Amino acid sequence: MSKPPSVLITGAGIGIGRATAHAFARAGYAVMVTDVLENEGRAVVASIKASGGTADFRTVDVTSTAAVDQTVADAEAIHGRLDCVVANAGIAHRVPLDQMSDAKWDETMDIDLKGVMRVVRAAAPGMARHGVGAVVALSSIMGVAYGWSEHAHYSAAKAGVVGLVRGLAVELASGGIRVNGIAPGYIRTAQALSREHSLGPEGLEQAASFIPMGRVGEPEDVADVALFLASGAARYITGQVIVVDGGLLVGRY
Ligand SMILES: NC(=O)c1ccc[n+]([C@@H]2O[C@H](COP(=O)([O-])OP(=O)(O)OC[C@H]3O[C@@H](n4cnc5c(N)ncnc54)[C@H](O)[C@@H]3O)[C@@H](O)[C@H]2O)c1
């Protein structure tokens, strides 16, 4: 019997990453759940296993090349190959320009942009050896269309993800690896619910009134698109960033 497909997801302890771990597990993938949040990540693994799925947890900070490389190697050793990586880990801290230190700028770039590159760099050689692979990277509407006051570093990193997706899609296509991105709109997670750094609960509910579909997104709305992009149904799609926003970008003017 052939082994099930496998996926590695960064930042999979909560939010969109967690929903993505569950979606892939339900679709029959063996899931390598990774996060800096150890308790949350282990809880996701326990929940997947309780539902009859296959999952492992590794503590991975995406700013650590050594941790990323080791965990990709572990996943390949356990599952024989990695079919997909979902580079999801991200932070969105509010920092006005007059308070922007070099360190603060670098932190966001290191996690939100370089962290994506690290995961793909580690996984691509194995995928190319097998002649097949899918990468899904998380951008944002703030990286493809909107400007976000006091979050210029976040917007710059998320716009960088779009460039990374395009460049790597072309570079890796001959190895059978497809590289795509998702640009979520307003999704109900800890990131968007943060009063300090983002909209907060009230702001999120207000956003529903100007989202054409009349509601804020749920993590599952994004997870299912990641699963689609990883699947054979998306076999001729590469280098694209799909906006998942309930019509926000096309409907607000
Ligand atoms: N929620 C939204 O509205 C929204 C919109 C657009 C884009 N996004 C993007 O989607 C992705 C997931 O966000 P979310 O909304 O689920 O946020 P979240 O805050 O709920 O989850 C982010 C995850 O990333 C992890 N993480 C943070 N720093 C890390 C690091 N250094 N190494 C490894 N993991 C780390 C966190 O521990 C957490 O598990 C992020 O890249 C985010 O920027 C979210």
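Quick notes
- Scanning the stretch 75-97 for residues that are more than 20 Å from SER198 (Cβ to Cβ) and surrounded by fewer than 16 Cβ atoms within 10 Å (Cβ to Cβ) yields ALA77, ILE78, GLY80.
- Residue list for the stretch 226-240, restricted to those being buried (at least 20 other Cβ atoms within 10 Å of the Cβ) and outside any loop (DSSP other than H, G, I, E, B): ALA226, LEU227, LEU229, ALA230
For every residue, the table says whether it meets (1) assigned to a helix (DSSP H, G or I); (2) surrounded by fewer than 24 Cβ atoms within 10 Å (Cβ to Cβ); (3) not basic (Lys, Arg).
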residue: ILE111; (1), (2), (3): yes, yes, yes
residue: GLY115; (1), (2), (3): yes, no, yes
residue: PRO125; (1), (2), (3): yes, yes, yes
residue: VAL135; (1), (2), (3): no, no, yes
residue: LEU168; (1), (2), (3): yes, yes, yes
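- Filter pass, SER140 being away from the ligand (no atom under 14 Å from the Cβ) and over 26 Å from GLY175 (Cβ atoms): no
- Scope the stretch 197-224; condition more than 12 Å from the ligand (Cβ to nearest atom) and either among the acidic types (Asp, Glu) or surrounded by 17 or more Cβ atoms within 10 Å (Cβ to Cβ) (or both); matching residues: GLU202, GLU205, ASP224
- Residue selected from the stretch 25-56 under the condition crowded, with 24+ Cβ neighbours inside 10 Å and under 18 Å from VAL119 (Cα atoms), by the criterion nearest to the ligand (Cβ to nearest atom): ASP35
- For the stretch 53-97, a residue qualifies if it is in contact with an Asp or Glu (Cβ under 6 Å, 6 or more places away or on another chain) and touching a residue at least 40 places away in the same chain (Cβ under 8 Å), and the qualifying residues are THR63, LEU82, GLY90, ARG94, PRO96.
Any read-out appearing in this document is the output of simple, stated calculations on the displayed coordinates, not a laboratory observation. Predicted model only: the values in this text are computed from it and were never measured. Virtual Cβ from ideal backbone geometry, glycine too; neighbours counted across all protein chains shown.
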